[in-house]
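Read-outs throughout are calculated quantities, based only on the coordinates presented, and are distinct from any laboratory measurement. Just so it is clear, the structure is predicted and the values come from calculations on it, not from any experiment. Positions of Cβ are backbone-derived with ideal geometry, glycine not excepted, and every protein chain shown enters the neighbour counts.
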Amino acid sequence: MKKEIGIIIGVLVFITFILAPIDPDIIPIEARYVAAVTLLMAIFWVTEAVPLEVTALL
């Protein structure tokens, strides 16, 4: 159950961060993508939703 919750939270945070209405002059689109993937990796790593080896490949 913990793994499923970690995956759901990770994906929701990823999508929310990608779709957040942030001014591109403040944070460029590419930086938002990098930050979103970093947050996804951190959530997957902390919750161990996927094996650590898979998280390292993200």
Rounding to the nearest 20 debye, state how big the charge dipole of segment 2-57 is about its Cα centre with +1 on each Lys and Arg Cβ and -1 on each Asp and Glu Cβ. 180
Taking the 0 to 90 degree range and rounding to the nearest ten, how far is the long axis of helix 2-19 tilted relative to the main principal axis of the chain, both from C-alpha atoms? 10
Between the helical axis of 29-47 and the dominant principal axis of the chain, each derived from Cα atoms, what acute angle in degrees is found, rounded to the nearest 10? 20
